[in-house]
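What follows draws every value from the coordinates through simple rules; no lab data is involved. Predicted, not measured: the structure shown is a model, and the values here were computed from it. Here Cβ is always computed from backbone atoms with ideal geometry, including for glycine, and neighbour counts include all displayed protein chains.
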Amino acid sequence: VEHFQWLTFEQAADLPAAAREEVALECADVLLFLLRLCDKLGIDLAAAADRKLRLNAEKYPVEKARGKA
């Protein structure tokens, strides 16, 4: 998050190559930690993500949520 803390949306969308690579490596760290955690806890991450998307669709139907961001 530190890479984006004081940037505007436009600046964040146009990161220099070196900063983008640092962010990519941080994202990889998070992904690897999450996969390891799910493995140790016996969580099927794809199934959990699917359930979460279904719950979000019920909780925030398009007709109620559109334009509320």
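Under the rule of -39500 (n - 2.57) per DSSP H run of 4 or more residues, summed and divided by the residues of the chain, what mean residue ellipticity at 222 nm is obtained, to the nearest 500 deg cm²/dmol?
Numbers: 4 runs with 49 residues, N = 69.
That comes out to -22000 deg cm²/dmol.
What dipole magnitude, in Debye to the nearest 20, does the chain give about its Cα centre under +1 on Lys/Arg Cβ and -1 on Asp/Glu Cβ?
Details: 10 positive and 12 negative charges, 119 e Å.
That gives the chain a dipole magnitude of about 580 debye.
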Given [x] 22, 63, 15; [y] 21, 54, 25, 0; [z] 16, 26, 32, 26, 0 as candidate values of P(r) over Cα pairs in 10 Å bins from 0, in percent, which corresponds to the one derived from the coordinates? [z]
Of PRO61, LEU45, ALA28, whose Cα points farthest to the positive end of the dipole of the chain (charges on the beta-carbon: +1 Lys, Arg; -1 Asp, Glu; origin at the Cα centre)? PRO61
Inter-label distance, nm, simple model (7 Å from Cα along the C-beta direction), THR8/LEU32: 3.6
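Sorted by average packing, counted as other Cβ atoms within 10 angstrom per residue and highest first, what order do 11-20, 54-63 take?
Details: 11-20: 10.9, 54-63: 9.4.
My ranking of the peptides, most packed first, is 11-20, 54-63.
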Straight-distance crosslink candidates among aspartates and glutamates, where the alpha carbon sits under 20 Å from LYS52 and sequence neighbours closer than 8 are dropped: ASP39, ASP44, GLU63
